[in-house]
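The values are calculated or read from the model by the stated rules, or taken from the named source; none is laboratory data. Everything numeric here is computed off the predicted structure, so don't read it as measured data. Counting neighbours? That spans all protein chains shown, and the Cβs are built from the backbone with ideal geometry, glycine included. Only protein heavy atoms, including side chains, enter the accessible area calculation; ligands, DNA and RNA are left aside. Shrake-Rupley method; radii C 1.70, N 1.55, O 1.52, S 1.80 Å.
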Amino acid sequence: MVMRTPSPSVPGSGTQASVLGASAPYHAPLFIDGTWCDASSGATLAVINPTTGQPLGTLAAAGAEDVDRAVAAANSAFERGLWRDAPVQERARVLNRFADLFEAELEAFFRLETLNNGRPIVETRAQIGRLGQFYRYFAALALTRRSDVIPVEGPYLNYTQRVPLGVAALVSSFNHPLMILSKSLAPALATGNSVVIKPSEQTPYTSVRLVELLTAAGVPAGVINIVNGAGADVAAPLVAHRGIRKVVFTGGSDIGRKIGAAAAQNFAAVTLELGGKGAAIVFEDMEIERAVNGTAFAAFIAAGQTCICGSRILVQRSRYHEFLAAFGPKIAAIHVGDPSNPRTQLGPVISERSRRRILALLERAKRDGAQVLTGGGIPSGVPDGGFFLEPTVLYDVDPHSEIAQDEIFGPVTVVIPFEDEAEALRIANGTRFGLGASLWTNDVARAHRVANKLLFGMVWINDHHRLDPASPWGGFKESGVGRETGSESFDHFTEPRVVTVNTTGRTVDWYAADGTAKRLN
């Protein structure tokens, strides 16, 4: 039976205090074998508030020794079987209980996530307000997912079982800390695995709180572990650890390539959700207002810090200038400011380093001939010290140029004209990425025809960036391998085992010299 512990609270919720502390400065410790602790070295790192550029708190900076302890604890918990061997009904009850606890404290989660990653609170509300559904979905899938009975030849019953892998390393990103983690944590737990979580060192706080609530809901000690710290010190030894049976990573393609190679040394399964260069294709029959509203959302939600960002907007040439005339004022009117203000529509990027990188990209694009429709600089009237950028639109952009080929991960998009479907597909598919794309048309036949030729793992028609726990999420080419969410993710946290039963009640004597024909296999 899974033991339950009292629920701690989020800072500001008015109940029992969280390990993070009641208010800034916060501190994110490690969580190993059911105990919150400091790094073995005692080292810490500062966590910076992107809205002000000032320290928000600290985290315990783990090293290889802490990673070893966390993986050992996760493996020990798996081998003891308290979670792995618990009835699936009990695991489902725990996940549903967690969803209840999470939803009871949504307001505190909204505030903490926005404070940590700078995403406008209106976006945070819309995104993580749905997070409980992911745990409920995978709990339900665990209860209803059926194995197969295979009609093999002969007097045999042949059936499959799904067996949890063991310990999964979940390495998540700063841009959507709770959502990215939960897309894999929910199916990992539902299938009976143990996990070691490595949150982004830039945004650790809501992940810590999430684990507090999962523990309170009844997940046993050792099943969930957190190792905070810098990627080189924590993620590198974690993904290469011989005790890890699956690695899930969300981040850049270059790092993803290294992680995949490291995991392969131990034959660990991998799911890699990597870079993107999303295309939003606007055909001439689409109403300009709908196209502008939809592509503005595609390009600038989360300040463009999302792998499925619509960072290339392809517009049929017959409507190109009309689109630009409407799109520029729409983007210029986006309200940039303090993300805790409900009126704010675009917050800061995550760091000064990121802002400098994006500004350098813009300068090179302008030298290469790109024209600025709107934005391109640092806005006024925003909090001092924050890492803000104006929402920026470039046009007259060469589809093969750096700005049109490389992931920007900031509030920047380019608008490119095309003549016909064939050219739209050549431009859209003409990158090394293939994560998400959208197309905008009222022609049903065209919508399906073009969608079937787009080399992207996810295609939206007359919409963008729609996610559901039941729908697989992932990309083609350098955008990664494997899928998050959906039954595909659920199954990939397990190994199939086949069981074959001789139903005759007798055993053939292979070595009997009786002259009868015998079956070998």
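A few comments on the model shown:
- Scanning the stretch 464-486 for residues that are closer than 19 Å to D285 by Cα and either out of contact with any Asp or Glu (no Cβ under 9 Å at 6 or more places or on another chain) or in a strand (DSSP E or B) (or both) turns up at least one hit.
- Among the residues of the stretch 98-135, the one identified as basic (K, R) and farther than 24 Å from H27 by Cα is R130.
- Pick from the stretch 487-521, criterion assigned to a loop (DSSP other than H, G, I, E, B) and within 45 Å of the chain's Cα centre (by Cα), ranking: surrounded by the most Cβ atoms within 10 Å (Cβ to Cβ): F493
- Test: residue in the stretch 330-339 that is within 30 Å of A64 (Cα to Cα) and touching a helix residue (DSSP H, G or I) at 6+ places or on another chain (Cβ under 8 Å): no
- Answer from P220, P187, P204 - the residue that is open to solvent by 10 Å² or more (accessible area, probe 1.4 Å) and either more than 15 Å from the chain's Cα centre (by Cα) or at pLDDT 95 or above (or both): P220
- Within the stretch 264-297, the set of residues being within 18 Å of T392 (Cα to Cα) and assigned to a loop (DSSP other than H, G, I, E, B) comprises K277, G278.
Let's see how each residue does on (1) out of contact with any Pro (no Cβ under 7 Å at 6 or more places or on another chain); (2) part of a loop (DSSP other than H, G, I, E, B):
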| site | (1), (2) |
| --- | --- |
| G21 | no, yes |
| A24 | yes, yes |
| F31 | yes, no |
| A39 | yes, yes |
| G42 | yes, yes |
| A46 | no, no |
| T51 | no, yes |
| L59 | no, no |
| A62 | yes, yes |
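- Restricting N96, N116 to residues that are open to solvent by 40 Å² or more (accessible area, probe 1.4 Å), among the polar types (S, T, N, Q) and not in a loop (DSSP other than H, G, I, E, B) narrows the list to N96.
- Some residue of the stretch 360-371 being under 24 Å from the mean Cα position of the chain (by Cα) and at pLDDT 95 or above: no
- Long-range neighbours under 9 Å by Cβ, at least six apart or interchain, first residue closer than 20 Å to N429 by Cβ and of a type outside the set (K, R) within the stretch 312-324, second open to solvent by 80 Å² or more (accessible area, probe 1.4 Å) and assigned to a helix (DSSP H, G or I): V315/E322
- Selection within the stretch 370-389 - surrounded by 21 or more Cβ atoms within 10 Å (Cβ to Cβ) and under 20 Å from F297 (Cα atoms): L373, G375, F388, L389
- Of the residues examined, S479 is not one that is hydroxyl-bearing (S, T, Y), in contact with a helix residue (DSSP H, G or I) (Cβ under 7 Å, 6 or more places away or on another chain) and surrounded by 21 or more Cβ atoms within 10 Å (Cβ to Cβ).
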